[in-house]
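Enquirer: Okay, here's the structure, questions in a sec.
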Amino acid sequence: MPTAPRRRWFQFSLSSLLLLTLVVALAVYGANENRHRMRLEAEVERLESELRQVTTPQIMSLELQLKNARGERDRKVRFLEREIRNLELDKKRIQAEKANP
């Protein structure tokens, strides 16, 4: 009597093997994407931190320079307004002196 062929322990069809390959590939791809996203987030956070450290003193310095420039401009404007008023008063005084010799 012929003996029945022995079945192998692992028997897979081609479609189940392709499905398993697809599942493993997607899992590896997802893990890689997650790691890449985390690396990019860390890089963005590091760059934002550097940007805050570098620009905050510079911004404060520029704001101070702008404030000083505005103050200087205001002082010059007030000085010129006083000078104009004084010249107008001098002009009126001279005209009054010419009218009343």
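Enquirer: To the nearest µm²/s, what D does Stokes-Einstein give for the chain at 10 °C and 1.306 mPa s, using the Kirkwood radius over alpha carbon pairs as Rh?
Expert: 68 µm²/s
Enquirer: Then there is this: When the helix-only estimate is applied to the chain (DSSP H runs of n ≥ 4, each -39,500 (n - 2.57), divided by the residue count), what is the mean residue ellipticity at 222 nm, nearest 500 deg cm²/dmol?
Expert: The per-residue figure over the chain is -32500 deg cm²/dmol.
Enquirer: With a Förster radius of 41 Å, plug the Cβ-Cβ distance of Thr21 and Glu41 into 1/(1 + (r/R0)^6) and report the FRET value to the nearest 0.05.
Expert: About 0.85, to the nearest 0.05.
Enquirer: Leu89 label point, 7 Å along Cα→Cβ, cut-off 17 Å on backbone N: hits in region 56-82?
Expert: Within reach of a label on Leu89: 78-82.
Enquirer: Just in region 1-72: which trypsin sites (Lys or Arg not before Pro) are loop by DSSP and have at most 14 other Cβ atoms within 10 Å?
Expert: Qualifying residues, ordered by number: Arg6, Arg7, Arg8.
Enquirer: Further question: Report, to the nearest 10°, how far helix 14-99 tilts away from the longest principal axis of the Cα atoms in the chain, using its own Cα long axis and a range of 0 to 90°.
Expert: Between the helix axis and the principal axis of the chain, the angle is about 0 degrees.
Enquirer: So, in Å, what gap is there between the alpha-carbon centers of region 11-27 and region 31-73?
Expert: Value for the Cα centre distance between the two parts: 48 Å.
Enquirer: Within the chain, what is the longest stretch that has no chymotrypsin sites (Phe, Trp or Tyr not before Pro) placed in a DSSP loop and near at most 10 other beta-carbon atoms within 10 Å?
Expert: 11-101
Enquirer: Once Lys and Arg get +1 and Asp and Glu get -1 on their Cβ, which of Val44, Ala27, Leu17 lies farthest toward the positive end of the dipole of the chain?
Expert: It is Leu17.
Throughout, read-outs are computed from the coordinates displayed, never taken from laboratory work. Predicted, not measured: the structure shown is a model, and the values here were computed from it. Glycine gets a Cβ as well: all are built from the backbone with ideal geometry, and neighbour counts include every protein chain shown.
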